[in-house]
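Since the structure comes first, as structure tokens, the remarks are kept for the end.
The values are calculated or read from the model by the stated rules, or taken from the named source; none is laboratory data. Only a predicted model underlies this, so the values are computations on that prediction, with no experimental measurement involved. Backbone-built Cβ (ideal geometry, glycine too); neighbour counts: all protein chains shown.
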Amino acid sequence: MIIVMKQIATEENISNIVERLRKEDLSTNKIVGAECVVIGVVGDTSKVDRELLATLDGVDKVLKVQEPFKKANRAFKQTNTIVNVCGVEFGGAKQVVIAGPCSVESRDQIVEIAKSVKASGASMLRGGAFKPRTSPYAFQGLEAEGLKLLIEAKKETGLPIVSEIIAARYMEIFEESVDMIQIGARNMQNFDLLREVGKSSKPVLLKRGLSNTIEEWLMSAEYILHQGNPNVVLCERGIRTFETYTRNTLDISAIIAVKKLSHLPVIADPSHASGKSWMSAPLSLAALAAGANGLIIEVHNDPENALCDGAQSVRPNEFDEIMKSVNVLSNTLSKM
């Protein structure tokens, strides 16, 4: 529910409304606009008499929010949320590029890749330490040792790190190790895990599930926001369709829709979307042109011998070329 206050509404009028709602165990979010104040209301609003609220001093109108996601809704927060990760801003004027291997394999591998992607202009380093794999026989990651190697790469380069958590029991080690916690596609609706990262002070990168709708994706973000963590970045990583030529289908329209529906920043993952390294460059540019706030791209120094997802990983020199194109497009978009 949204309460739109009159331009002449006083602070006392607003405080009276907020206090009345709090007595009904409802949380409020005051949005100060250019022309008026809007009060967003979250909770069981069925017990509130909207007609009575509309008659109170200073109230212009009371509106019902149709979408089930509330705190992620742009109607509740019209200004774009900027998520700061160690000085790297998602949702700001500059597009953020995260780069690194699908999985951490060794110290030499992760440090070498970290140095190369930083030289090309990447803002953050990605690397999987815990790997949820379809097959139980596939490489599952170096786990805690992988996180230690990511920390070493950060010390060498200064790049903030993001890595995927696969279970709530690992929260403590992730709190100590990473700068941003990733929720992967398979865990997008792991509600216990979402609640745990929602209690964390760490920013969260929330990937869209393989077959989930935009509304379900935003509802997963709502779980995190509801627990008190406002620092959520959405990631469109492709969805499963009838097409088999590519690994998934990058849903460009979802980026556009999310920008309209929500104030949260959204980035794109061209690597998982296509499963083909040669598609990363054009898909990256398409996503940015559609309004994405950044990209997350898989980079490996030896894709043919990668322990995970080598086919979709670009080489460092290829990533460097992608970054040149990204910079050209970003400069063009900034002038529009």
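Structure summary
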{"read-out": "Only one of Ser284, Ser330, Ser313, Ser277 that is in contact (Cβ under 8 Å) with a residue 60 or more places away in the chain, among the hydroxyl-bearing types (Ser, Thr, Tyr) and in contact with a helix residue (DSSP H, G or I) (Cβ under 6 Å, 6 or more places away or on another chain)", "value": "Ser313"}
{"read-out": "Subset of region 289-336 [more than 21 Å from Cys235 (Cα to Cα), surrounded by 14 or more Cβ atoms within 10 Å (Cβ to Cβ) and aliphatic (A, V, I, L, M)]", "value": "Ala306, Leu307"}
{"read-out": "Unmet criterion (only one of (1) at pLDDT 90 or above; (2) under 23 Å from Lys71 (Cβ atoms); (3) of a type in the set (A, V, I, L, M, F, W, C)) for Leu56", "value": "(2)"}
{"read-out": "Any hit, region 197-219, residues being surrounded by 23 or more Cβ atoms within 10 Å (Cβ to Cβ), in contact with a helix residue (DSSP H, G or I) (Cβ under 7 Å, 6 or more places away or on another chain) and part of a helix (DSSP H, G or I)", "value": "yes"}
{"read-out": "Yes/no for Gly100 being surrounded by fewer than 20 Cβ atoms within 10 Å (Cβ to Cβ) and either in contact with an Asp or Glu (Cβ under 9 Å, 6 or more places away or on another chain) or on the phi < 0 side of the Ramachandran plot (or both)", "value": "no"}
{"read-out": "Condition check for Leu264: outside any helix (DSSP H, G or I), in contact with a strand residue (DSSP E or B) (Cβ under 9 Å, 6 or more places away or on another chain) and buried (at least 20 other Cβ atoms within 10 Å of the Cβ)", "value": "yes"}
{"read-out": "Counted residues, region 156-189 - those being within 16 Å of the chain's Cα centre (by Cα) and of a type in the set (Gly, Ala, Ser)", "value": "3"}
